[in-house]
Structures are given as structure tokens and as C-alpha cells.
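Worksheet: one structure, shown below.
The values are calculated or read from the model by the stated rules, or taken from the named source; none is laboratory data. Bear in mind the structure is a predicted one, so any value in this text is a computation, not a measurement. Here the Cβ positions follow ideal geometry from the backbone for every residue, glycine too, while neighbour counts run over all protein chains shown. Note: areas computed on protein heavy atoms with side chains; ligands, DNA, RNA excluded. Shrake-Rupley method; radii C 1.70, N 1.55, O 1.52, S 1.80 Å.
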Amino acid sequence: MIRRRVQLVPPRLAPENVKGFTACVRPGRDQVFHLASEVRSGKLIVHNYGHGGAGWTILFGCVFESIRMLESMLAAHPDYQGRRIRVVGAGCIGLCTAVELKRRGYDVVVSAKEFEDTTSHKAGGLLAIASMKTAPEHQSRVDKLGVESWHEWQKIVDGQHDLFESKYAQYIPMYASTSAADGDHCGMKALIDAKVVPGPDMVEIDFGNGKKYDMLEYKTILMHCAHMMTRFSDILRESHVPMERKVTHSLAAEEEAVIFNCTGLGAYQLNNDTMVMPVQGHLVALQRQPPMTDLNYILCEDMTSKDGMGKEPIYFIPKGPEGIVGGTFIPNMNSSDLSDPNFQRILERSRNFFGGSPVRAKL
């Protein structure tokens, strides 16, 4: 079989090219995220949390579905109609929910412990229905919401969205191991099956330094997450939506009768949800790179570790000014320790894949 050759420029990974380390904790949930509505303690509550590393990917689908749930509940419980709605949580799910509610004419207030430098700001931005622990019986719902979200992101990329310009997301090629075809195609399977993106092409990538690999080439979207978070906040301020910095200890204690619970890890306590779990992630920010026009691709691969710990993921994403390499998805770890040896492991396997000397970086 003749494979198309793709010449790629590798990221520079010498110690002087390492700008810094980022450790974040994603709000995961066993089996599937929680997207449901209920009336409890006199409150109409819509829950939308626990998306793990896929919150940005399925953002619009989950937010639209949560608002459909609200409208169904309001029809069944008319006493709650016309009430102000409190959105608790200011990650991408919470802010997007507030924006969409305001667009539909609802009176909204947002509250959160913090609005800046959240996990949503730090996300890599690869659109793929992955990075979640989804039980088989829930996969079809996840896929449906993921496809709905893709169409909204597509509007943004194509310049057809009325709130977000095309600068907030872009089409981009993604290269993944040929073994991805035996699984979920790196989170692209639902999109391929729905025929919203084409299936992958088999290619040979060549980094021009002796490193060549047979890989699958996908078409996906790179979401510029930090810029989207700023845009969400700007829209809310322009719309005069109050944004209150506070810690919520009890949903029942809130003044509003209608509440969206978008609290992520906070739902463990607020909703007594023992299925909520932290999922730790590690990213290495790069600097002094080739022009980003030469690094306009995403790469995902599993590398076999040298110390017998099995296969570990690596990825390169042109996020931010000069790109990142990663990463990890470690369940039930709730630490942001920047001395974590996982950062050095990421650099070691990335250098092994892209080419470069495994010299320890010092910050």
C-alpha cells in the first residue's frame, strides 16, 4: 500500500525550550458525566458536571441538553417560571450555560470560587470525544451530544456563529497511532460514524531527522480554550449578568429557586455524589519554537516506557503562543505539584518520539 508522505516539523524539546509546567485536576465521574434535573428541597436543580477531559469537546451539546431539561421541568412545574436562575460554577460548562440562558431571555446570576485560571483555561483544546470513563450503556448519549457540539464548533470555525468569531477555533490535522483504528479512533469514532468528519487516511509522517512513523491522519478542531473563557466572561459582563465570587456550601441554602449545578469536583459535596473523582493532568509549555505555522498539527501517540510501566500517552498541541506537550490522565489524584516526576516522563518520551536528547529540564 502506497502511503502519502507528510513532512512535519518537530517541536524543539531541549531544556532551553521548556517554558514551564502545568498540573491541573479535571472533574471526572465514574461511568458518565451527570446531566439530569430534579426538584429537591424546594429547588429546581439541573446538574451538568463530571465531564473529565472532554468538557470542551461536548460543551455545547451538554449545555443545550441541560437547557432543554430546564424548559421541560418548567413546563411541568410552572411555579418556577420567571424565577432568577443561579449558575454555580465558572468552568466552561458554567459560563457557557449562563451565556446561553441569557440569550434565551432568562434572568441569570453566576457564582464560583474563582473565575480565572480554572482547569478550563488550561485545557489543551483537542476536540475528541475521549478522556472520560464512559460505561457502554451511556456511550450512545455521549456520542449524540458530542456530534451536536461538533456542529456548533463548526459554526465557529466557519465564521457562522453570532457570538464567537472564527479566531476561537480552527480546523487542524491530527495524527494518531495506526492502532487507533482498532479502538475509538482517538475519540473521533462517533464523528466518523455520523459522517460529520471523514475517516482517517493512512500516511507516513517524516520529521526530517530520521524519525518516521506510519500514522492515521484525522480532521478535527483545535479549540482556543483560554480565549473562549475570556469571551464568555466578556459576554456576561456586557449583558450585565452578575458574577459573584463566593463558595457555595449548599444548593438548598441559595436564594434562587432554580439552580444549575456546574460545579465539577464540588458536586462531590454539593450533590453527595461519590462517583465524582479528580483526574490529574500534566502539561509542559514550550518556548523558542519554530514558527507556529510550521507546527500546525496535533499528534497523539502511546509510547512504551523504558521502566516497565507499560504504554504512556504523549501528545503535541499548538496551544498558546508556542505549543504544549503532554500528558497524563491519572484518576483519583488531586494534586498540582509542579515537582511531580510525570513532567520529566512526558519530556523523556516526547524526545524519544520526536527526536532529541533526554536531558533533564530545569526551571
In the stretch 301-330, what count of residues is obtained for those that are at pLDDT 90 or above and exposed (fewer than 15 other Cβ atoms within 10 Å of the Cβ)?
1
Where residues in the stretch 196-225 are open to solvent by 40 Å² or more (accessible area, probe 1.4 Å) and assigned to a strand (DSSP E or B), which of them is nearest to T57 (Cα to Cα)?
K219
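If you scan the stretch 130-150, which residues turn out to be over 16 Å from the mean Cα position of the chain (by Cα), in contact (Cβ under 8 Å) with a residue 60 or more places away in the chain and open to solvent by 50 Å² or more (accessible area, probe 1.4 Å)?
Quick first cut of the stretch 130-150, residues over 16 Å from the mean Cα position of the chain (by Cα) only: 135-141, 144.
In the following step, the residues that additionally are in contact (Cβ under 8 Å) with a residue 60 or more places away in the chain were identified as 135, 138, 141, 144.
Within the stretch 130-150, H138, R141, K144 meet the criteria.
From T220, T178, grab the single residue that is farther than 24 Å from G320 by Cβ and touching a residue at least 12 places away in the same chain (Cβ under 8 Å). Can you show your working first?
Numbers: T220 fails: farther than 24 Å from G320 by Cβ.
Just a single option satisfies the conditions, and that option is T178.
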Criterion: crowded, with 19+ Cβ neighbours inside 10 Å, hydrophobic (A, V, I, L, M, F, W, C), under 30 Å from Q287 (Cβ atoms) and within 18 Å of the chain's Cα centre (by Cα) - qualifying residue of L13, L59
L59
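For residues that are hydroxyl-bearing (S, T, Y) and not in a helix (DSSP H, G or I), scanning just the stretch 153-195, find the one that is farthest from V6 (Cα to Cα).
In the first step, residues of the stretch 153-195 are kept if they are hydroxyl-bearing (S, T, Y); the result is 166, 168, 171, 175, 177-179.
Within this subset, residues satisfying the condition of being not in a helix (DSSP H, G or I) are 171, 175, 177.
Numbers: Y171: 17, Y175: 10, S177: 14 Å.
Result: Y171.
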What tally of residues in the stretch 9-38 results from selecting those that are over 29 Å from H161 (Cα atoms), touching a strand residue (DSSP E or B) at 6+ places or on another chain (Cβ under 7 Å), not in a loop (DSSP other than H, G, I, E, B) and not aliphatic (A, V, I, L, M)?
9
V88: passes all of (1) at pLDDT 95 or above; (2) closer than 26 Å to L283 by Cβ; (3) among the aliphatic types (A, V, I, L, M) but (2)
Test: residue in the stretch 116-125 that is open to solvent by 50 Å² or more (accessible area, probe 1.4 Å) and more than 27 Å from Y268 (Cα to Cα):
no
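Can you tell me how many residues in the stretch 39-71 are more than 30 Å from I221 (Cβ to Cβ) and either outside any strand (DSSP E or B) or in contact with a strand residue (DSSP E or B) (Cβ under 8 Å, 6 or more places away or on another chain) (or both)?
Taking the stretch 39-71 as the starting set, the residues that turn out to be more than 30 Å from I221 (Cβ to Cβ) are 39-45.
So of that shortlist, the ones also either outside any strand (DSSP E or B) or in contact with a strand residue (DSSP E or B) (Cβ under 8 Å, 6 or more places away or on another chain) (or both) come out as 39, 41-45.
Looking only at that region, the number is 6.
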Filtering the stretch 22-40 down to residues that are touching a Ser or Thr at 6+ places or on another chain (Cβ under 9 Å) and within 26 Å of H282 (Cβ to Cβ) yields T22, A23, C24, V25, R26, P27, G28, D30, Q31, V32, F33
Tell me, which residue of the stretch 78-106 that is exposed (fewer than 14 other Cβ atoms within 10 Å of the Cβ) and not in a helix (DSSP H, G or I) is nearest to the chain's Cα centre (by Cα)?
R104
Taking the stretch 247-267 and keeping residues among the β-branched types (V, I, T) and part of a strand (DSSP E or B) leaves V258, I259
Answer yes or no: is there a residue in the stretch 226-246 that is open to solvent by less than 10 Å² (accessible area, probe 1.4 Å), at pLDDT 95 or above and in a strand (DSSP E or B).
no
Please list, ordered by first then second residue, the pairs with beta carbon atoms under 6 Å, 6 or more apart or interchain, first in the stretch 93-110 and farther than 11 Å from V241 by Cβ, second modelled with pLDDT under 95 and open to solvent by 10 Å² or more (accessible area, probe 1.4 Å).
none
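In the stretch 334-360, how many are at pLDDT below 90 and crowded, with 19+ Cβ neighbours inside 10 Å? I'd like the intermediate steps shown before the answer.
Taking the stretch 334-360 as the starting set, the residues that turn out to be at pLDDT below 90 are 334-340, 356-360.
Subset that is crowded, with 19+ Cβ neighbours inside 10 Å: 356.
Here the count works out to 1.
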